[in-house]
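*Asks:* Take a look at the following structure, please.
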Amino acid sequence: MTDAVSYPEPLAHPETRGIELIETSERHGRARDLFPVWAAPNVSVLNFTVGASLILLGMELWQAFLVIIAGSLPWILTGIVATSGPAAGTSGSVITRAIYGIRGNRLVVAFFGWFISAVFLALNWLASSFMGAELLGQLGLTDPVLVPVLVTIVVAAITVLVAVFGHSLILRSYPIVASVLLGIFLLVTAFILPHVQWGYAAPAPLEGAPLWSAMTIGFTILASSPLSYSNSPDLARYLPESTKPSHIIAATALGGALPAMFFTGVGALLATGIDAAAMDLGIESALLALLPAWLGPLFVVGVIINTISLNGMTTYTASMAFQSIGVPIRRIPSAVVVGAIGTALTIYLVMSTSLLEAVNLMLQLLVLISGPTMAVFATDVILRRNRYSGRDLFDEKPGSPFWYSGGWHVPGLLAIVVGAAVASLFLTNAVWTGPIAAAMGNLDLSVPVSVVTTAGVYIALTRLAAKRRPTAIPSIEGARA
């Protein structure tokens, strides 16, 4: 019964389950429980940062708000992918064996999954490191490298603990975390609003190609966040199989999109009331300068709590990805390894860049990976009508349903490679501008191009393979019946 709420996993003990199948008797919860699970990580200081960057790109406020709304639409894909968790009863990194094949999946998860996890761990720890260092600097601890590094190590250690205790802790604590963070960030918003220039006009208003370039770049930055959450099945997999997919999609998409949209909008408003000199010092410094003495430390605590909630979830799911590629390691040691990798990358970024530069550059580059992998996953869910056999997914022997051709599923692998390659031609950032993007006045269409191209290639090749070998893709053939 989907309305019954029970937590078979004891909260006082770490979760030992990894990618193993969850039996019907162990399923529990409701789709709406996913809303706070996704809301807590997305009440984030990175939203302020990204929102401010839209204004710095030269947009007017109304243009920035349009981009923010459009950039939230990919959350629907995150929700669609989440529905596969209860259907299969296992993690997303195992479900994608249906897309890439047994051996192909190991390659994709090892490279793409780990890269995305490491980038987001680092970006969020980087935010808390700069903010924590700013606060400690007011107390006399001013070392520009040592202090952020120490903050990173402490926050990373707590994050790994959340991942170790796992699903039950996340599901029980995140509603409280989301409420606390919402209260803190709304307080911060109240002190930002008096500084907003409601009649703000860009110093040099953009028109034509430069305007479209700024808006598409902003869209890419915003869309990269929901596109990266192909781990959404991991948080939904304990739900009863009978849970309505539409409810899972709504709870996941709205939980992530609503707080992200609101506080990214606040970030755009914030940028109108801060002069260029203040922004040069970093948005974290500019934010704290606007707050009363009593609220600054509270806000930093909120940033750190948010970072732990987001990275705890990321570390939790990444630890299962490690298992799914065949590494003989238990989930808890795997979580420690993931945390160590993310910490190392964060420390490197602390010593080499600013928060704003790191966020914008890495989020834009990330879409070349996250766009195709999310698109092919969502397309597969739709093609199969969300019918996945968990037991078939764990059959790794030659000749098994997802062995395909020697363990490789060419349609899935080729779709993401082609999607990424074509999208790179439409990408615009400080490191790389694709030739087609340059010819169109630096228009960044990498997200829609990656999604449409990947989905189109996957559908075409999958249908072609099914015609040539009717038994090659049994799940899709069965879904048609």
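The values are calculated or read from the model by the stated rules, or taken from the named source; none is laboratory data. Because the structure is predicted, anything quoted here is derived from the model rather than measured. Cβ coordinates were reconstructed from backbone atoms using ideal geometry, including for glycine residues, and neighbour counts include every protein chain displayed.
*Asks:* Looking at this structure, is Val180 more than 30 Å from Thr24 (Cα to Cα), more than 18 Å from the chain's Cα centre (by Cα), surrounded by fewer than 20 Cβ atoms within 10 Å (Cβ to Cβ) and among the hydrophobic types (A, V, I, L, M, F, W, C)? Before you say what the answer is, go through the steps one by one.
*Replies:* Details: more than 30 Å from Thr24 (Cα to Cα): yes; more than 18 Å from the chain's Cα centre (by Cα): yes; surrounded by fewer than 20 Cβ atoms within 10 Å (Cβ to Cβ): yes; among the hydrophobic types (A, V, I, L, M, F, W, C): yes.
For Val180, the condition - more than 30 Å from Thr24 (Cα to Cα), more than 18 Å from the chain's Cα centre (by Cα), surrounded by fewer than 20 Cβ atoms within 10 Å (Cβ to Cβ) and among the hydrophobic types (A, V, I, L, M, F, W, C) - is met.
*Asks:* Can we say Thr152 is at pLDDT below 85 and either closer than 18 Å to Asn306 by Cβ or in contact with a helix residue (DSSP H, G or I) (Cβ under 7 Å, 6 or more places away or on another chain) (or both)?
*Replies:* Details: at pLDDT below 85: yes; either closer than 18 Å to Asn306 by Cβ or in contact with a helix residue (DSSP H, G or I) (Cβ under 7 Å, 6 or more places away or on another chain) (or both): yes.
So Thr152 passes the test.
*Asks:* List every residue pair whose Cβ atoms lie under 9 Å apart, where the two residues are 6 or more positions apart in sequence or sit on different chains, the first residue falls within the stretch 16-32 and is of a type in the set (A, V, I, L, M, F, W, C), and the second residue, located anywhere, is surrounded by fewer than 15 Cβ atoms within 10 Å (Cβ to Cβ).
*Replies:* Listed pairs, sorted by first residue: Leu21/Arg391; Ala31/Lys244; Ala31/Ser246.
The rows are residues; the columns are (1) in contact with a Gly (Cβ under 6 Å, 6 or more places away or on another chain); (2) in a helix (DSSP H, G or I); (3) crowded, with 23+ Cβ neighbours inside 10 Å.
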{"position": "Leu211", "(1), (2), (3)": "no, yes, no"}
{"position": "Ile221", "(1), (2), (3)": "no, yes, yes"}
{"position": "Leu235", "(1), (2), (3)": "no, yes, yes"}
{"position": "Glu241", "(1), (2), (3)": "no, no, no"}
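Here is a yes/no grid of residues against (1) farther than 30 Å from Glu207 by Cβ; (2) modelled with pLDDT of 80 or more; (3) within 21 Å of the chain's Cα centre (by Cα); (4) not basic (Lys, Arg):
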{"residue": "Leu414", "(1), (2), (3), (4)": "yes, yes, no, yes"}
{"residue": "Ala420", "(1), (2), (3), (4)": "yes, yes, yes, yes"}
{"residue": "Leu425", "(1), (2), (3), (4)": "no, yes, no, yes"}
{"residue": "Val431", "(1), (2), (3), (4)": "no, no, no, yes"}
{"residue": "Ala439", "(1), (2), (3), (4)": "no, yes, no, yes"}
{"residue": "Ser450", "(1), (2), (3), (4)": "no, yes, yes, yes"}
{"residue": "Thr471", "(1), (2), (3), (4)": "yes, no, no, yes"}
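*Asks:* Among residues belonging to the stretch 275-297 that are modelled with pLDDT of 80 or more and part of a helix (DSSP H, G or I), point out the one that is surrounded by the fewest Cβ atoms within 10 Å (Cβ to Cβ).
*Replies:* Once the filter is applied, the top-ranked residue is Ala289.
*Asks:* Which one of these is closer than 17 Å to Leu227 by Cβ and among the polar types (S, T, N, Q): Asn429, Asn442?
*Replies:* Working: Asn442 fails: closer than 17 Å to Leu227 by Cβ.
From the options Asn429, Asn442, the qualifying one is Asn429.
*Asks:* Among the residues of the stretch 81-103, are any over 20 Å from Thr462 (Cβ atoms) and without any contact (Cβ under 8 Å) to a residue 24 or more places away in the chain? Working first, answer last.
*Replies:* Just the residues of the stretch 81-103 that are over 20 Å from Thr462 (Cβ atoms), to begin with: 82, 85-86, 89-91, 93.
With without any contact (Cβ under 8 Å) to a residue 24 or more places away in the chain added as a condition, the list becomes none.
No; the residues of the stretch 81-103 include none that is over 20 Å from Thr462 (Cβ atoms) and without any contact (Cβ under 8 Å) to a residue 24 or more places away in the chain.
*Asks:* On to the next question. Of Ile347, Ile332, Ile325, Ile341, which residue is over 24 Å from Val43 (Cα atoms) and either among the acidic types (Asp, Glu) or touching a Pro at 6+ places or on another chain (Cβ under 9 Å) (or both)?
*Replies:* Ile332
*Asks:* Residue under question is Phe130, and the condition is that it be out of contact with any helix residue (DSSP H, G or I) (no Cβ under 6 Å at 6 or more places or on another chain), modelled with pLDDT under 95 and surrounded by 21 or more Cβ atoms within 10 Å (Cβ to Cβ); does it hold?
*Replies:* For Phe130, the condition - out of contact with any helix residue (DSSP H, G or I) (no Cβ under 6 Å at 6 or more places or on another chain), modelled with pLDDT under 95 and surrounded by 21 or more Cβ atoms within 10 Å (Cβ to Cβ) - is not met.
*Asks:* Then there's this: State whether one or more residues within the stretch 90-108 are over 23 Å from the mean Cα position of the chain (by Cα) and of a type outside the set (D, E, K, R).
*Replies:* Our first condition is that a residue be over 23 Å from the mean Cα position of the chain (by Cα); within the stretch 90-108, this holds for 101-103.
Cutting the leftovers down to of a type outside the set (D, E, K, R) gives us 101-102.
Yes, that holds for at least one residue.
*Asks:* In this structure, does Ser117 turn out to be in a helix (DSSP H, G or I), small (Gly, Ala, Ser) and without any contact (Cβ under 8 Å) to a residue 60 or more places away in the chain?
*Replies:* Here the answer is no, as Ser117 does not meet what is asked.
*Asks:* Kindly provide the set of residues from the stretch 393-442 that are over 26 Å from Ile459 (Cβ atoms), among the aliphatic types (A, V, I, L, M) and without any contact (Cβ under 8 Å) to a residue 12 or more places away in the chain, ordered by number.
*Replies:* Scanning the stretch 393-442 gives Ala438, Ala439.
*Asks:* Among the residues of the stretch 301-354, what is the count of those that are among the hydroxyl-bearing types (Ser, Thr, Tyr) and modelled with pLDDT of 80 or more?
*Replies:* Adding up the residues that qualify gives 9.
*Asks:* Then there is this: Quickly run through the stretch 127-178 and pick out the residues that are hydroxyl-bearing (Ser, Thr, Tyr), in a helix (DSSP H, G or I) and free of Cβ contacts under 8 Å to residues at least 24 places away in the same chain.
*Replies:* Narrowing the stretch 127-178 to residues hydroxyl-bearing (Ser, Thr, Tyr): 128-129, 142, 152, 159, 168, 173-174.
Still in the running and in a helix (DSSP H, G or I): 128-129, 152, 159, 168, 173-174.
Listed by number, the list holds a single entry, Ser173.
*Asks:* State all residues of the stretch 243-254 that are out of contact with any Phe, Trp or Tyr (no Cβ under 8 Å at 6 or more places or on another chain), of a type in the set (A, V, I, L, M, F, W, C) and surrounded by fewer than 24 Cβ atoms within 10 Å (Cβ to Cβ); if no residue qualifies, say none.
*Replies:* Ile249, Ala250
*Asks:* Further, regarding this structure: Scan the stretch 449-465 residue by residue and report those that are surrounded by fewer than 18 Cβ atoms within 10 Å (Cβ to Cβ) and of a type outside the set (Lys, Arg).
*Replies:* We begin by selecting, within the stretch 449-465, every residue surrounded by fewer than 18 Cβ atoms within 10 Å (Cβ to Cβ); these are 452, 456, 459-460, 463-464.
Those that are surrounded by fewer than 18 Cβ atoms within 10 Å (Cβ to Cβ) and of a type outside the set (Lys, Arg): Val452, Gly456, Ile459, Ala460, Leu464.
*Asks:* Then there's this: Val417 is checked against (1) in contact with a helix residue (DSSP H, G or I) (Cβ under 6 Å, 6 or more places away or on another chain); (2) surrounded by fewer than 24 Cβ atoms within 10 Å (Cβ to Cβ) and fails just one. What number does that condition carry?
*Replies:* Tallying (1) in contact with a helix residue (DSSP H, G or I) (Cβ under 6 Å, 6 or more places away or on another chain); (2) surrounded by fewer than 24 Cβ atoms within 10 Å (Cβ to Cβ), Val417 fails exactly one: (1).
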